[in-house]
Each structure stands twice: as C-alpha cells, then as structure tokens.
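Peer 1: The structure under discussion is supplied below as structure tokens; questions concerning it will follow.
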Amino acid sequence: MNIKKFPFIKTGCRALAIASPMLLSAQTEKLPNIILIYTDDQGYGDLGCFGAKGYKTPNINQLAANGIRFTDFYAPQAVSSASRAGLLTGCYPNRIGIAGALMPTDNKGLNETETTIAEILKKKGYATAIYGKWHLGRFPEFLPTKHGFDEFFGIPYSVDMIPMEYDGTPPKTGKGKAYYPLLPVYRNESIISELNTLPGIDTLTRFLTAKSIEFIDLHKDKPFFIYFPHPMPHTPLGVSEKFRNTTAQGKYGDVISEIDWSVGQIVAELRKNGMLENTLIIFTSDNGPWLNFGLHAGSTGGLREGKGCSWEGGQRVPCVMYWEGKIPKGITSNKICAAIDILPTLAEITNAPLPENKIDGISILPLMKGDKKANPRKNFLYYYEKSQLQAIRLGDWKLVYPHTYRSYLGVEPGKNGMPGPYNSASCGKELYNLMDDRAETKNVIDEHPEIVHAIDSIAMLSREDLGDFLTNTKGKNVREPGFIHTYNNVVKNKAIGSEISYEIPYSLKYDGGGNTALIDGITGFSDYSHKAWQGFEGIDFKGIIELNAVTAIQKLSIGFLLDENSWIFLPKTIIIEYSIDGKTYFPYAEKALKDILPTQVPNRMELNISNPKEMKFLKIKVENIGNCPEDHPGKGFAAWLFIDEIIVN
C-alpha cells in the first residue's frame, strides 16, 4: 500500500459517573482530549520502561516518566477480538458474547445494543475517530461508524487474515488461508484498497499515524477521542524502510521502535498546537506476545507463557498513562487494573453517563491521581475461550482452576517469521502469590486454605453471573453478540422430530444447543460459535438417527466446517449404514475428504449422497483426523470436528 494513493479525509442500571474533586465538566473546565493507543500482541516486557532490551522506546518512556506506569494491568482476555470488545464496552468479553478472534468469514460482531467508549464521549460533544485494527465484525452493521465513531480508517481484522503465508508466499491450496479474501482497507464504510502483500503491511504504522495527526489538526477547538489500535506488532510484522534493520532485536525491535516514533509524532503535534497539557494519553496492549513466532514475537518480561492463555504472560500487559497537571509525574501503581476499567474511568473524568447495560469495569481515577490508599478493583476474572473461568486474582493471590491450555514450553519456536508449533498442557487447582512469584512457579495451595475458600466464593458468584464452561454453568446475565444472516439457514429435513443417540458425546464447549441440534432444520453459519454447530474435540462423531417411520430416502447431506486457524478440520472418512429394524445394518455410503465440497457459505462444506433406499435407522460415523497436522501450529493438540445439519430428504 502506497501512502500517496490515499487522500486524507477532511472531515446493569443506568448510572451517572460519581463526581470527584478532579471531575471535569464543560461548565467548569475544558474537557480533555483523549488518545487511547492499543497495540497488537505487544508483551509485558516490550517497552523500555518495562525492561525491554535490544531497542529503545524513548517517547513512551517519557510519558511514563511524566505520568503513571501500571505494573499489574490486564487485558480483558488474551486474544484479539475478545480483548477489544472488553476495552470498548467495559465488560468481560463473555458477558457480551465475543470470544476468540473473529475470522474474515464470521457472521457476528459487536451488538448494536452495547455502548462503547466512543458513544459515551459523543454524548459530551466529543469528535471520535479510530485508526487501525477494528476486529469486532466485518459487516457494515458492525463497523466502527455504527458504534459511535465519526471516522474510521483501517482494517477490519488482523494482518495475518489474508491469502498469504507469514513469509509472504502464496497459501497452500485447500488450506485455511487460501479461502481468505484480500485484506480490505476502510475509509468509514467504504473499501478503498486491499492488501495481500508484505510491502503493503509495511506502510500501515506511518499511514495511520498521519491520519491521527490530521484529525488532531482538524479538531483544535473541540474535544476529541482518538482510538489508535495499531495493527502491529502482530505477525506478519510490517515496518517502514526508515526503521528497517535499526535495532539489535531485529525486525520485532524495528516495529516497536516505529510504534514509539508514532507516539512521539502525536505528542509533538499536540505540543505544537498547545493541546498537550489538556490531553490524556493511554498506551497499552491487547494481550501478551505470540511466542511461537520466535524472534518475530515479543517478551513477557519473565511472566509465564504468552498470548492465548490465562497465565500472566498471556494477559498482563504494559500500561502507561500521561495527563499533564492531573497525573503526578513518575508514579507507579501495582494495584489490580484492567482495560475494562478504562470506560468507567473516562466516564468519571468527563461526567458522562455509564451504559444502561451492566458492565464490569471500575473507575481507576483515584490511582491515576496518585492516591496510594485507593484500591478500586479487588479482584479480576481470567476468562478464556468461549467462557472458561480459568483463574481469579484476589489482591496478590491468583487461584487457577483445572483446565487444558496451549503452551509454548517444550517446543521450538518458528524462524524467519513463520510460526512454530504449540504444546498441549494441563493444570490442576493451583494457588500463586503474585507479589512474591509473578512467574507462577510455586504452587502454595496447600498452605493457604483460607485464601482458596475466599476465591472460591467469588468464583461461585461469577459463574452464576457470567457462566463457566469448565463447570458447565450458564450465566444468568450474559448477552448475545450481533449476528448477520447472509443466507437462509432453515432447511427441509425429514429427520426433524426424530430421535438421535450419540455413541460418543459431543464436546460441551460447543454443544449446538442440545441433542437434536443436528436434525432441527437449521444449518450453521461460517462462525464456529453459531449454535447450529456441534463440536467434537479430538473424537469421532458416532450416532444413530431413528426416523419416525420407515421412509423412502432419496438424498442425504451432512454439513462440515473448515477453519484451520481455529483448529477445525474436515474429517478423514464418513461411513453410513441403514436399517429397517435397528438390528441388521447394511452399507449406505462410505465417503472420503475429496467428496466434501464447498457451499455458498464461506468455510461451510457439505457432503451430498444420492442413494435411494427405504429405512428407519441411519448409523453414521464421521472420523476425526485426531490431532492437528504436523505442519500446523497446533501440532500435538486435538483437532476439532464441527458438524451441523444432517439433512434427510
């Protein structure tokens, strides 16, 4: 992408934020400008003021020296879309139905009923803009301009979600990336360009910085909010020629240096226009580093594991805030804080109303003011995947609940920008004192039963409120994401109302809505969390459908999902038998991978069999591939098999 090609754009219960001595209002003091910088996959140890080595971040360090550094600051969840949903709404992501990283084929996004930071600030007269990566829905109904932003310039999802491998080579035929469209670049709701090369990605940081500076220049006389979610340092790494090969840390260090330069350019523009003293700048990251990319990934600063898990390296991130004259210079806070706290904090600062829907954030304004006695957030919930309560922090204590997770230990990371494999690991119920052991190496659960009891009490209430897939608990106060129905997913099916028995139970993480989901006349969207799908983690599907009566069957169809980035693969074989009496079965069809064909829905594949027979019973076995293939980053982990409607006609 060439910068010159793109001309700049010129243009719970309802509650009120509690007043404080520092509260600003339009009547008493000028509302502050707010710039929220959110990097992508930047680790806890990836700033100079947090111990980075091999490169320097002088501009961000200067913000910390003249502001506050938060040492115990948490992303809402350790993955992109969920993290961004939590940041912008002040909610744990599972409360609002956003999990994982949305794919280019997904039909869901942030629900229009949720209230974002941009929307609460617009009520106070703010001009609002986003420059960078959105990742909360690709359809027009989900784009930033539908969620309170006056201006959007950037990309709808991650830079690796393009038909290109991480090293810039074309994707392998039939692999997940081969089905991706080109990466669109948006101006508001219009696509103005598309990216599918590494040189195009190289220009993003400089171009988005220029857009931010222009917005500042255009709003000297009105308070503004800029949300700058950098697409970097997510792989594949992109860096302009000026910063290429300039640090001892290699390309990753070059990328962070350019992000630091971007911060310096924004600060300089604010200073030039006399706006710096009335601007709050927040700098943090969406989750920890993607460690299986080796030298193309960042550092956890000694914390355990990385992106994609609930250990500290996945969810604890650097955070710096600067606000001249309001935040004391050079202070540090080790109190628990999270990105979900930013919305209520900004609401208190600007005297804006909080959302009508229940949120989970708490204002941390007292900490920003330097109040050492303040401790607004007593605990933090570590949710991951769709809704797994994997850990809870209470004060200095972190109680981890039994779960399996992807690990970066015991495997070699990738080289030259390509990913290495993950390992599969599991843990029991474990307790850590993060003040003494932030690397989570010493389990002290047997020594502190009273702490375990206190945190278990929090867990019980949290599960009731938000749910927990690990204990098969559905939350009472969770809300749905937005869905777009791009095709008619209601089909005729003679099996509707029939009985289906499972020889092997489906995985409760993705239950498809119950035992009859595969024969209810509703086919699944391209999003694996859509309720029509049933998931089978590392296991086969074996089931018998008993029709209501002996029926003359002309055709049978079975739907499958293919989404290798989410570790969802097509089956090896499908074996189908039929019977009149349920005792003696005869061969009906045996099919292989080559027989499963694409449909009109992205990622949805279908097996169609024409073989007229009379029957009352259908015995179906769908063979899972078992584990992710050798050339997949999930090597060693169980592969998922997703099935939707079994259509009998």
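The values are calculated or read from the model by the stated rules, or taken from the named source; none is laboratory data. All values reported here derive from a predicted model rather than from experimental measurement. Cβ: placed from backbone, ideal geometry, glycine included. Neighbour counts: every protein chain shown. Ligands, DNA and RNA are excluded from the accessible area calculation, which covers all protein heavy atoms including side chains. Shrake-Rupley method; radii C 1.70, N 1.55, O 1.52, S 1.80 Å.
Peer 1: How much of the accessible area of the stretch 358-422, probe 1.4 Å, is carbon plus sulfur, in whole percent?
Peer 2: 55
Peer 1: Hey, got the dipole for the stretch 335-494? About the Cα centre, +1 on K and R Cβ, -1 on D and E Cβ, debye to the nearest 20?
Peer 2: Magnitude of the dipole: close to 560 debye.
Peer 1: Over the chain, what is the percentage of antiparallel beta bridges among all DSSP beta bridges, to the nearest 5?
Peer 2: 75
Peer 1: Give the residue from Ala425, Ala65, Leu518 lying farthest towards the positive end of the charge dipole for the chain; charges sit on Cβ (+1 for Lys and Arg, -1 for Asp and Glu) and the dipole is referred to the Cα centre.
Peer 2: The residue sitting farthest along the positive end of the dipole is Ala65.
Peer 1: A further question follows. Let's see if you can work this out: charge +1 on each Lys and Arg Cβ, -1 on each Asp and Glu Cβ, no other charges. What is the dipole magnitude of the chain about its Cα centre, in debye to the nearest 20?
Peer 2: The calculation lands at about 1140 debye.
Peer 1: Hey, another quick one. Give me Rg/Rg_expected for the stretch 325-413, where Rg uses Cα atoms only and Rg_expected = 2.2 N^0.38 Å with N residues.
Peer 2: For the stretch 325-413, the normalised Cα radius of gyration comes out at 1.38.
Peer 1: Rounded to the nearest 20 Debye, what is the dipole magnitude of the stretch 166-266 about its Cα centre when Lys and Arg each give +1 and Asp and Glu each give -1 at the C-beta?
Peer 2: My answer is approximately 260 debye.
Peer 1: Here's a follow-up. Within the stretch 489-561, what whole-number % of the accessible surface is contributed by carbon and sulfur, with the 1.4 Å probe and all protein chains included in the calculation?
Peer 2: Roughly 52 percent, rounded to a whole number.
Peer 1: Further, regarding this structure: In Å, what Kirkwood hydrodynamic radius results for the chain from the alpha-carbon pair distances?
Peer 2: Here the Kirkwood hydrodynamic radius works out to 25.8 Å.
Peer 1: When N is the residue count of the stretch 473-547, what does its C-alpha Rg come to as a fraction of 2.2 N^0.38 Å?
Peer 2: 1.19
Peer 1: Dividing the alpha-carbon Rg of the stretch 206-248 by 2.2 N^0.38 Å yields what?
Peer 2: 1.52
Peer 1: Which of the listed residues, Gly298, Thr350, Gly325, is farthest toward the dipole's positive end in the stretch 272-361, when Lys, Arg count +1 and Asp, Glu count -1 at the beta-carbon?
Peer 2: Gly298
Peer 1: What is the percent carbon and sulfur in the accessible area of the stretch 284-350, measuring with a 1.4 Å probe over the protein chains and ignoring ligands?
Peer 2: In the stretch 284-350, the share of accessible area belonging to carbon and sulfur is 54 percent.
Peer 1: Quickly estimate the mean residue ellipticity at 222 nm for the chain, helices only: each DSSP H run with n ≥ 4 gives -39500 (n - 2.57), and the total goes over all residues, rounded to 500.
Peer 2: -4500 deg cm²/dmol
Peer 1: Got a sec? Charge dipole of the chain, +1 on Cβ for Lys and Arg, -1 for Asp and Glu; which of Ile553, Leu434, Pro223 is way out at the positive end?
Peer 2: Projecting each Cα onto the dipole axis, the largest value belongs to Pro223.
Peer 1: Moving to a separate point now. Provide the per residue accessible area, probe 1.4 Å, for the chain, rounded to a whole number of square angstrom.
Peer 2: Result: 38 Å² of accessible area for each residue.
Peer 1: Quick one: order Thr89, Thr113, Thr473 from most to least accessible surface, probe 1.4 Å.
Peer 2: Correct descending sequence by accessible area is Thr113, Thr473, Thr89.
Peer 1: Can you tell me the Rg and the Dmax, both Å, for the Cα atoms in the stretch 40-129?
Peer 2: In Å, with Rg to one decimal and Dmax whole: 16.4, 45.
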